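The values are calculated or read from the model by the stated rules, or taken from the named source; none is laboratory data. Keep in mind that what you see is a predicted model, and the values were worked out from it rather than measured. In this analysis, Cβ positions are derived from the backbone assuming ideal geometry, glycine residues included, and neighbour counts consider all displayed protein chains. We work out accessible area using only protein heavy atoms, side chains counted, and drop any ligands, DNA or RNA first. Shrake-Rupley method; radii C 1.70, N 1.55, O 1.52, S 1.80 Å.
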Amino acid sequence: MTQQNYKVLPEQHHMRIDKLLAVINPEYSRSQIQSWISQKFVTVNEKVVKPNYKCAEGDKLKWKVPEKESFSVEGEDISLSILFEDEDLLVVNKPAGMVVHPSLGHQRGTLVNALLFHCDHLSELNGIERAGIVHRIDKDTSGLLIVAKNEATHIHLAEQLVAKKVERIYEAIVHGVIDHENGLVDAPIGRDPKDRQKMGIVDQGKPAITHFHVLKRFKNFTHIKCQLETGRTHQIRVHMKYIGHPLAGDPKYGPRKTFDIGGQALHARSIGFTHPTTKEWMHFKAEAPSKFKELLTQLEKMY
């Protein structure tokens, strides 16, 4: 364990200690920090406190950061929907409900577990836990991902993403009726200061741009197409909430009472990029999953 020290600033007076430590340690979730406090790894003025302790100006905080647990990542015989594969890369259609890569909370059943079983080699540029993963989509979002089999391919694809040369188009169903055909949301995204488990529009966040186009309107919902210029965590979900049209099936960023389709109505339906070796422009499309289509049919019948 490593020990850290901090003196509470005037503007942090009366702030909960778990919230303050989450601000100081953004790489850790608030629940992880609360576990430190319950395990007595945190003291204030040399005394153990509870997670709801309200800090006072000048308080001297000390806390120990536990060493991160390590775990092995193994291949699993899980079915994959592969649209393209060669010696450099794959394009896969991830089902909703599948986590992209393992973590302490999801060590098995992930896309990476399936890929490690299927492939003899994957890029380990970001470690074995994220083998082959160049970009991600949320657990409950379905759709297309590019997977790199070697480091050179990984680097080339990552550079295309940074240069905004990868075309990523999604379709979504959102609450409310959007009255204009096209729109653009340009708002920076960062960790929500009020809830570390969520992202939000934050002045000091990273630049984020989403284009959208209306495909069909219903009485209380709209079916849209979104194109990303950037790829921030939860970008479409956060941006659509920001303009007053959160995604259907997404109680994290929208109404608690919404359609239960196992997650947000969001599908990464097409992707385009330049093949790192052949330099050929590649473009792939995957139809939305059955639950997404069933929701559209339900909306047609209801309204």
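Between the amide H of His135 and those of Ile146, distances stay under 5 Å, these residues lying 5 or more places away or on another chain, with hydrogens modeled in the peptide plane. Ranking Pro193, Thr110, Phe212 by how far each Cα lies toward the positive end of the dipole of the chain (charges on Cβ) leaves Pro193 at the top. Proximity of backbone amide H atoms, modeled 1.01 Å from N, is registered between Asp192 and Lys198, Met199, Gly200 at under 5 Å, excluding neighbours fewer than 5 places apart on the same chain.
For His267, the shell of other residues with beta-carbons less than 14 Å away shows a net charge of +3, using +1 for Lys and Arg and -1 for Asp and Glu. Here the 3J(HN,Hα) profile of the stretch 29-45, calculated from phi with Karplus coefficients 6.51, -1.76 and 1.60 at θ = phi - 60°, is 6, 5, 5, 5, 5, 4, 5, 4, 5, 5, 8, 6, 8, 10, 10, 10, 6 Hz, Gly and Pro shown as x.
Summary of packing: across the peptides 86-92, 17-23, the per-residue average of other C-beta atoms within 10 Å ranks them, highest first, as 17-23, 86-92. Taking the accessible area of the stretch 237-303, probe 1.4 Å, and keeping the other protein chains in place, the carbon and sulfur fraction comes to 51%. Sorting Glu85, Glu76 on solvent-accessible area from highest to lowest, probe radius 1.4 Å, gives Glu85, Glu76. Pick the calculated semi-axes √(5λ) of the Cα gyration tensor in Å for this structure from [x] 41, 20, 18; [y] 43, 30, 14; [z] 36, 27, 18? Working out semi-axes √(5λ) of the Cα gyration tensor in Å from the coordinates points to [z]. Couplings 3J(HN,Hα) of the stretch 263-277, computed from phi: x, 5, 7, 9, 9, 7, 8, 8, 8, x, 6, 8, 5, x, 9 Hz, in residue order, whole Hz [Karplus 6.51 cos²θ - 1.76 cosθ + 1.60, θ = phi - 60°; x for Gly and Pro]. Rounded to the nearest 20 debye, the dipole size of the stretch 1-124 about its Cα centre is 1440 debye, using +1 on the Cβ of Lys and Arg and -1 on the Cβ of Asp and Glu. Label sites at Thr297 and Ala163, each approximated as a point 7 angstrom past Cα along Cα to Cβ, lie 4.4 nm apart. Each label point was placed 7 Å from the Cα along the Cα-to-Cβ direction; for Lys279 and Ser72 their separation is 4.5 nm. A compact globular protein would have a Cα radius of gyration near 2.2 N^0.38 Å; the ratio found for the stretch 165-256 is 1.04.
In terms of packing, defined here as the mean over residues of other Cβ atoms within 10 angstrom, the peptides 9-16, 95-102, 113-120, 221-228 line up highest first as 221-228, 95-102, 113-120, 9-16.
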